[in-house]
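For reference, the structure discussed in these notes is given below.
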Amino acid sequence: MSSMTDGSRIGRAPDHDDPLSIEAVEARVQREQTRRARHDRVTRVVYPIAAVIVLLAAWELGRDMVGLPRFLLPSPTEILDAMLRNRAMLLREAWVTGLEVVLGFALSVAIGIPLAVAIFQSPLFSKSVYPILVSFQAVPKVAVAPLFIVWFGFGMLPKVLIAFLIAFFPVVINTVMGLASIEREKIHLARSIGLSKFETFRLIRFPNALPSIFAGLKISITLAVVGAVVGEFVGGNAGLGYTLMLANGSMDTALLFAAIFALSFLGYALFWLVELAERLCMPHLDRASLRGETG
Amino acid sequence: MTMMSAAHEPNGRAEVPAFFEVRSLSKVYATEAAPVRALDRVSLSQQRGEFVSIVGPSGCGKSTLLMIAAGLSGASGGQILVDGAPVTGARKDIGLVFQSHVLLEWRNTLSNIMLQAEARRMDRKPAEARARELLRSVGLDGFEHQYPKALSGGMRQRVSICRALLHDPPHLLMDEPFGALDALTRDQMQLDLQRLCADRNMTVLFVTHSISEAVFLSDKVVVMTPRPGKIDRVIDIDLPRPRTLAMREGPRFAQYSREVLDVFVASGILREN
Ligand SMILES: Nc1ncnc2c1ncn2[C@@H]1O[C@H](COP(=O)(O)OP(=O)(O)OP(=O)(O)O)[C@@H](O)[C@H]1O
Ligand SMILES: [Mg+2]
């Protein structure tokens, strides 16, 4: 190491001055690149985990040092303990909430996307329904929750509907925006190669809108979780939202935290599923760069 | 075909009717402010197998003319005739190349080209063989399965030219296809295009900003001036084919370039001090 720098600095030995062949340089660059990539991959996983561990440790130790009472802030081990003790119950309730979220989300996709297409295709819809929808977006959807309980009772239906209502708008609006934002040349191309209106939609306009649609779906799935939990708050006898209310009532802060964590995991898992669907629908988004290196 | 055009020819002229004809074409865009006169009584004609370029400064209505020629946009006055029949809707007998490549980013090279075949319900096997052959002829074999994102600007434009040629269109319309490319790539693309045209005896209507590109490629250069868009001169380019890069340095080439330039100087688009 040190001899190398010496040699290059003083330039004493003529054979050291010989520039490396391009193959040798290439091999070195490639080696460094692979090493850096591996390092990046490792640190991408290791650093966040380390950060979380440090944070949890600080929480664990700091809580007692500061002297916060257990019922205000349980320590991570106590939360973990609560999660393990109540795991059957948490799983059961997470299943209920998850089902509500998925149903509400599915409903908002099943209704939102066709509605967006109708708004886009028909001037009648775009002039009548769309402005109403946009202004309706200003209504805080959670405020409607009590009404839904009155109308639909205490079962699963009102929660699904609230999740749907809150998740619905981003789907519609992003789909409409995605369908509308297309280069004029793509449409000109479609017409000159003789695509019908329907084929243009299927082969060009819809795939072109997919990135925007998925952006909407990702917002939507997160909001659907909020909707379901709000529904359970207002009038429920099951689900993680209900667990939160119960834990709150009995001042069981550790269980409260356990339910919050469970809810976060649920939300994250659902979001990840939507992302997975996105990657499956648009393989060119990440495969392109991978293939580029071998081609 | 000749009978049809004879029927459309009221004064029954004896000369061969042009394959493609623009007759007193005007286009005015209505806007919120004042209307824009994009084209003012533009007329030109093109025979089969002829390479015609339209040169002019930005905003003189070249793209407008090309879009109307493709039947993608309506005229405000005058008409477009193909084989003597007026064009009333989007023409399907053309290959269209835009300034940007307009590739579909979710389709790979091959399936971008095959879009043409799908739209026209061509037989899959022979169409794909032809697509591969076209790719090979522009030096893109091996890139069939790349997505547009992984291609360079010049490669993408080559793909879009292959797409426009897949169905052997009777008329190829190109709107500044090489406008976004660097000078070297541009030279190569011009040579490639010349070869493709010679191989297939193509009829091309080509829009460009570049005088030397127009002279190099064309049998006929149509010079336009702006505000409103008008045809100022039509210059026949009588240089032997195939043309070589060296020809661009020759005196006759310079003479033709000068002729085009003089139009722009005379109309005040260029000012020499
Ligand atoms: N959709 C439109 N609405 C209003 N005006 C337009 C429209 N399209 C073009 N124009 C106007 O018509 C004129 C001609 O435009 P066009 O795009 O045909 O020019 P061009 O010769 O192709 O220019 P460039 O070389 O920059 O592409 C311009 O003044 C432009 O502002
Ligand atoms: Mg233009």
Worksheet item: For residue A:275 and residue A:199, what is the calculated FRET efficiency with R₀ set at 30 Å and r taken between the beta-carbons, to the nearest 0.05?
Response: 0.55
Worksheet item: Length gain on complete extension for the stretch residue A:180 to residue A:77, per 0.36 nm per residue less the alpha carbon to alpha carbon distance?
Response: 31.9 nm
Discussion item. Treating only the Cβ of Lys, Arg, Asp and Glu as charged (+1, +1, -1, -1), what charge dipole size does the range B:104-169 show about its Cα centre? Round to the nearest 20 debye.
Written reply: 80 debye
Fill in: Rel. contact order, % - alpha carbon contacts under 8 angstrom, at least six apart, chain B
24 percent
Practice prompt. Starting from the Cα gyration tensor of the range A:76-294, multiply each eigenvalue by 5, take the square root, and state the resulting semi-axes largest first in whole Å.
Written response: 39, 23, 11
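Where in chain A are the DSSP H helices whose C-alpha atoms run 27 Å or more along the long axis and whose mean Kyte hydropathy is at least 0.5?
Correct list, ordered by number: A:87-121, A:156-180, A:206-235, A:253-281.
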Practice prompt. Please compute the net charge surrounding residue B:225, taking Lys and Arg as +1 and Asp and Glu as -1 over other residues with Cβ under 15 Å from its Cβ.
Written response: +3
Worksheet item: Going by a ≥ b ≥ c, the root eigenvalues of the Cα gyration tensor, does the protein assembly as shown fall in the rounded group (a/c under 1.5), the prolate group (a/b larger than b/c) or the oblate group?
Response: oblate
Worksheet, complete the sentence: Between residue B:95 and residues 5 or more places away or on another chain, the pairs with built amide H atoms under 5 Å apart involve B:171, B:172, B:173
Worksheet item: For labels at residue A:95 and residue B:105 in the simple 7 Å Cα→Cβ model, what's the distance in nm?
Response: 4.2 nm
Fill in: In nm, spacing of pseudo-spin labels at residue A:282 and residue A:25 (7 Å Cα→C-beta vector)
3.8 nm
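Please give the FRET efficiency for residue A:39 paired with residue A:84, using the beta carbon to beta carbon distance and R0 = 35 Å, rounded to the nearest 0.05.
After rounding to 0.05, the efficiency reads 0.45.
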Worksheet item: From the square roots a ≥ b ≥ c of the eigenvalues of the alpha-carbon gyration tensor of the range A:52-171, which class results: rounded (a/c under 1.5), prolate (a/b over b/c), or oblate?
Response: prolate
Worksheet entry | DSSP bridge orientation in chain B - percent antiparallel, rounded to nearest 5 | 55 percent
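Readers should treat all values here as calculations from the given coordinates under stated rules, not as data from a laboratory. Keep in mind that this is a model prediction, so the values were computed, not measured. Glycine also receives a Cβ, built like all others from the backbone with ideal geometry; neighbour counts cover every protein chain displayed.
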